[in-house]
Amino acid sequence: MGILRPKVTLLNEEYKKKIFEEATHILESLGVLIENKNAETLLKEVGVPNQNQRYFIPSDLVKKCLTYPPHEITMYDREGNPNLFLKEDKIHFDPGSAAIFILDEKTGEIREPLHQDFIRFTQIVDQLANIEAQSTSLVYSDVPKDAQDWHRLYTTLKYSRKPIVTGTFRKESFSIMNELLLTCRTSEKDLAEKPLAIFDACPSPPLSWSDLTTQSVIDAAERMIPSEFISMPMSGANAPITLIGSITQHCAESLAGVVISQLVKKGAPIIWGGSPAVMDMKHGTTPMGAIETMMIDIGDAEMGKFLNLPTHAYMSLSDSKIPDAQAGLEAGMGALLAGLTGINMISGPGMLDFESCQSIEKLLIDNEIAGMVKRFVEGIHDYGSPFAEDILKDYDQTNELLSHPSTLQLFRKELFFPSPILARMTRDQWKSTGSLSSRKRARLEINNLLAKPPQVELDASRSKELDKLSSEYLSSGKK
Amino acid sequence: MDTEEIYREMANSIVSLDQEKAVHLANQALDESMDLLQVIEKGFGEGIRKVGDLWDEGEFFLPELMSGAQIMEKAVDIITPGLQSSGSERQSSGKVLLATIEGDIHSIGKTIVATMLKANGFQVVDLGTDVKAEKIVDEAIKGDIDIIGVSTLLTTTMVNQKKVIDLLNQKNIRNKFKVIFGGAPVTQGWVDECGADGYAENAVESVKLVKELIQ
């Protein structure tokens, strides 16, 4: 790491305490709506006052539950190797998840994704150096609706070794997804010790946990599988218009998740995530590329760090409909701000149009952004002084420093090397190669990446086991 | 102040989002036994149309649109008993039933649409969120509804929107209702696939859609 870890902060300790205290007070006074019978039983067992499924969680219970979860989570790849370290200010990127559309790079049309699109997407993410996790990023329409959640996990496991951010659409699916994950581990214990997938759980603003999302937290906690809380207050619509009010609401909703998970099992791994947005007051949309959305994201993550939990945010997304200048500026700003905040899991690359559309072209451009951000947060290194004087003395002998030992030794460490997607060639070279935009150059890269073999081949027996499970569940009523 | 001037004041109270003034003018209209249908049409109604224009022109934003519609509703609520006792009635533009479909508890979009429809003279029956298709159809029959609006935000619950159409078909009453869909994942393709009658991109468009369908 460099001399200083570059940081951005929007809240000081005084305000983090104030927000936390108010959030706990909200849980105690306004309560949270819990629509899940199992969670209701757990809350009643510890004597949480309630009325009409609204639970008024005492602040001392919240504070007690905060002492249990781990401060860091290591994610393992499909083959069981440690891969991601969700702790301190370490950052990792994964594609924005569950898009219901894909921007077809061949036709330029936005359409519903198919299974084949997701296979291609997964194979490409597998190759990207700066996007270290997969997500079940497309909801494809050519499998039965009831299989749309678990089938994506099956596909990801088949085509990539990287850890996965995923989630359920139906309560019944968790056990199927757990079975799929177990094909890559020796036992439940092994899966708990070497987590391969994170399950997103999204409370509904304001202050409500649905049956489905609560059950996902419960199912994950029972198995010590990490849950990622995705509270998503919409400022001015179902959350206060003030950024600080939205951060406080996010904190309260997420703290309710902490309590539920820790009542299921003390020490269950959880990630303090979120997908907040301000509301666009003209279009009624939820711009993920709005600067205020990013400010709420940062505040939310700072609260997660304040509570000593691994953090997540949906950043590096754009609301543009195509990978254009808007897409670049919004994804670039979001990714850099997320990096500067030290958000452990940054979900967003590839995503356009308010988390609804994935684009492989954008994904590849975002991979460049992610690489730059990772370089930036490393900061400026000190290799010992004098920093320049001795090197400059040598310049007089050679009139260049390209062949200087320090250059040779350090240029790969000091510099980030972009792919040909970023135009760093001369203008003449650019002209001679067709005067292409970065989007077009990204499109050209797609086939190159698809032509490469997977980073790690899936073991044949494991592949068979996955196929068997998928066939069984597709054909059985348990889909 | 002549009548025309009072109408202008009423319209202005909506445009300037001055609830106190709108309530005062509505009560004044009752006290002075004004022609209450004209009060709604030429007074407050003119105001809400102007609010819509300001929205279209990019001058007004959602909070202003919602506030204008809610003030309009308050003024109409004050006037309605007077209208009824005089034997006349504000002509309803039509009856719309709204619900967020089973499995989905998102309400914000539906709430905005309901408010805008009411402000534009529609009677709205809002069944809330997480409503089963069966209940939507039952209530539509019971309430003599013209248009059924089914909302969803989640792709996972979108499939349940189709259940409403399927149920109407099963009961052989599909042609008795227009059915419109709302929500972020809804596309024309989905509307066509389900055999629904339309969808709108936002609340203002939904009012236009409902007006078109009801003609």
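Expressed as a whole number of Å, what is the distance separating the alpha-carbon centroids of the stretch A:91-129 and the stretch B:86-113? Using only Cα atoms to place each centre, the spacing works out to 38 Å. Only lysine pairs 8 or more places apart, or on different chains, with alpha-carbon atoms under 27 angstrom apart are counted in the stretch A:58-170, and they number 11. Report the FRET efficiency, 1/(1 + (r/R0)^6), for A:THR107 and A:HIS283, where r is their Cβ-Cβ distance and R0 is 25 Å, rounded to 0.05. Computed FRET efficiency for A:THR107 and A:HIS283 comes out at 0.45. With the Kirkwood sum run over all distinct C-alpha pairs, the stretch A:207-260 has a hydrodynamic radius of 11.8 Å.
Along its first, second and third principal axes, ordered by size, the stretch A:15-114 spans 57, 34, 33 Å in Cα coordinates. Taking amide hydrogens as placed 1.01 Å from N in the peptide plane, the amide H of A:ILE164 sits under 5 Å from those of A:GLN134, A:ALA197, A:ILE198, each at least 5 positions away in sequence or on another chain. The mean of 1/r over all pairs of different alpha-carbon atoms in the stretch B:3-85, once inverted, gives a Kirkwood hydrodynamic radius of 12.3 Å. Comparing B:ALA69, B:ALA200, B:ALA99 in a Gaussian network model of chain B, where Cα atoms under 10 Å apart are tied by springs, the biggest mean-square fluctuation is seen for B:ALA200. For chain B, the relative contact order is 17 percent, taking Cα pairs closer than 8 Å that sit 6 or more residues apart in sequence and dividing their mean separation by the residue count. Across every pair of non-identical alpha carbons in the stretch A:113-214, the mean reciprocal distance, once inverted, gives a Kirkwood radius of 14.4 Å. Measuring against 27 Å, Cα to Cα, the residue pairs B:LYS42/B:LYS178; A:LYS464/B:LYS163; A:LYS44/A:LYS266; B:LYS118/B:LYS142; A:LYS44/B:LYS163; B:LYS21/B:LYS211 contain B:LYS42/B:LYS178; A:LYS464/B:LYS163; A:LYS44/B:LYS163; B:LYS21/B:LYS211 as the ones spanning a longer distance. Spin-label model, B:GLU73 to A:ASN52: label points 7 Å out along the Cα-to-beta-carbon direction sit 1.8 nm apart.
Would you please classify the overall shape of the stretch A:401-455 from the alpha carbon gyration tensor, given that a ≥ b ≥ c denote the square roots of the eigenvalues, rounded means a/c under 1.5, and beyond that prolate means a/b larger than b/c while oblate covers the rest? It is oblate, given that a/c is not under 1.5 and a/b is not larger than b/c. Where the alpha-carbon atoms of the stretch B:94-214 are placed on the principal axes, they occupy 33, 28, 24 Å, in descending order.
Classify chain B: rounded, prolate or oblate, from the alpha-carbon gyration tensor (a ≥ b ≥ c, eigenvalue square roots; a/c under 1.5 rounded; otherwise prolate if a/b is larger than b/c)? The shape class here is prolate. FRET efficiency for the pair B:SER16 and A:GLN326, taken as 1/(1 + (r/R0)^6) with r the Cβ-Cβ distance and R0 = 41 Å, rounds to 0.70. Quotient of the Cα radius of gyration of the stretch A:324-366 and 2.2 N^0.38 Å, N being its number of residues: 1.11. The ranking of A:PHE229, A:PHE387, A:PHE306 by Cβ neighbour count inside 10 Å, starting from the fewest, reads A:PHE387, A:PHE306, A:PHE229. From the residues A:GLY267, A:ILE91, A:ASN308, which one has its Cα farthest along the dipole of chain A in the positive direction, the dipole being from +1 and -1 charges on Cβ of Lys/Arg and Asp/Glu about the Cα centre? Checking the options against the dipole of chain A, the answer is A:GLY267.
Estimated at 0.36 nm per residue, the fully extended path between A:LEU422 and A:LYS266 surpasses their Cα-Cα distance by 51.4 nm.
Placing one equal scatterer on every Cα of the stretch A:320-450 and applying the Debye formula, the log10 ratio I(q)/I(0) at q = 0.09, 0.13, 0.16, 0.19 Å⁻¹ is -0.39, -0.72, -0.93, -1.09. The residues A:ILE225, A:ILE322, B:ILE101, when put in order of fewest to most other Cβ atoms within 10 Å, stand as A:ILE322, A:ILE225, B:ILE101.
Taking the centroid of alpha carbons for each part, the stretch A:264-317 and the stretch A:9-43 are 15 Å apart. Counting only other chain Cβ atoms within 10 Å of each residue's Cβ, the peptide B:103-110 averages 4. Computed over the stretch B:3-85, relative contact order equals 40 percent, with contacts defined as Cα pairs under 8 Å that lie 6+ residues apart. Taking label points 7 Å from Cα along the Cα-to-Cβ direction, B:LEU37 and A:SER461 give a separation of 8.5 nm. Which residue fluctuates the most in chain B, going by a Gaussian network model with Cα springs under 10 Å, if the choices are B:SER92, B:SER151, B:SER107? Evaluated over chain B, the most mobile residue of the options is B:SER92. Tell me, how many Å apart are the Cα centres for the stretch B:172-215 and for the stretch A:209-258? Measuring centre to centre over Cα atoms gives 32 Å. Other protein chain C-beta atoms within 10 Å of residue C-beta, averaged over A:206-212: 2. Between A:LYS413 and B:GLU193, the modelled labels are 5.4 nm apart [label points 7 Å from Cα along Cα→Cβ]. Amide H to amide H, with H built 1.01 Å from N, A:LEU138 comes under 5 Å of A:ALA98, A:ALA99, counting only residues 5 or more places away or on other chains. Give me the base-10 log of I(q)/I(0) for chain A at each q in 0.08, 0.10, 0.13 Å⁻¹, Debye formula, one uniform scatterer per Cα, rounded to two decimals. Values returned for q = 0.08, 0.10, 0.13 Å⁻¹ are -0.49, -0.75, -1.22.
Values in this text are rule-based calculations from the coordinates and carry no lab data. This is a predicted model, so every value here is computed, not measured. Cβ: placed from backbone, ideal geometry, glycine included. Neighbour counts: every protein chain shown.
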